[in-house]
1. Looking only at the stretch 27-58, count how many residues are in contact with a Phe, Trp or Tyr (Cβ under 8 Å, 6 or more places away or on another chain) and among the hydrophobic types (A, V, I, L, M, F, W, C).
2. What number of residues within the stretch 38-54 are of a type outside the set (D, E, K, R), surrounded by fewer than 11 Cβ atoms within 10 Å (Cβ to Cβ) and under 13 Å from SER66 (Cα atoms)?
3. Within the group VAL33, VAL12, which residue is touching a helix residue (DSSP H, G or I) at 6+ places or on another chain (Cβ under 6 Å) and either exposed (fewer than 13 other Cβ atoms within 10 Å of the Cβ) or part of a strand (DSSP E or B) (or both)?
4. Tell me which residues, restricted to the stretch 22-77, are in contact with a strand residue (DSSP E or B) (Cβ under 7 Å, 6 or more places away or on another chain), of a type in the set (Gly, Ala, Ser) and under 16 Å from SER3 (Cα atoms).
Amino acid sequence: LHSGANPISGQVSVGAKGIWVENGNLSYPVKEVTIATDILSFCRSIKKVGNDLRFIPSGGYIGSPSLLVRDVTVSGK
């Protein structure tokens, strides 16, 4: 998955996995998806933040709790 950020425009592209929520119901797992947006729009689309913060060693440590987001463009499987 390609990830990156443009500090001038605020555009970001990040890989993600999770559960697809449709009409308020957990629908199916997704993996190897890419979220492409600008960081301000993405932050505004966050509706809930989980209490399950995890860090993943990856040439450094990257961490995030689960997020419930609305109206975000997602591509992938």
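Quick note: the coordinates plus some simple rules give every number you see, no bench work behind them. Keep in mind that what you see is a predicted model, and the values were worked out from it rather than measured. Backbone-built Cβ (ideal geometry, glycine too); neighbour counts: all protein chains shown.
1. Of the stretch 27-58, the ones in contact with a Phe, Trp or Tyr (Cβ under 8 Å, 6 or more places away or on another chain) are 27-30, 35, 55.
Cutting the leftovers down to among the hydrophobic types (A, V, I, L, M, F, W, C) gives us 30, 35, 55.
Final tally of qualifying residues: 3.
2. Residues that pass the stated criteria total 2.
3. Exactly one residue qualifies, and that residue is VAL12.
4. Answer for the stretch 22-77, where residues must be in contact with a strand residue (DSSP E or B) (Cβ under 7 Å, 6 or more places away or on another chain), of a type in the set (Gly, Ala, Ser) and under 16 Å from SER3 (Cα atoms): ALA36, GLY63, SER75, GLY76.
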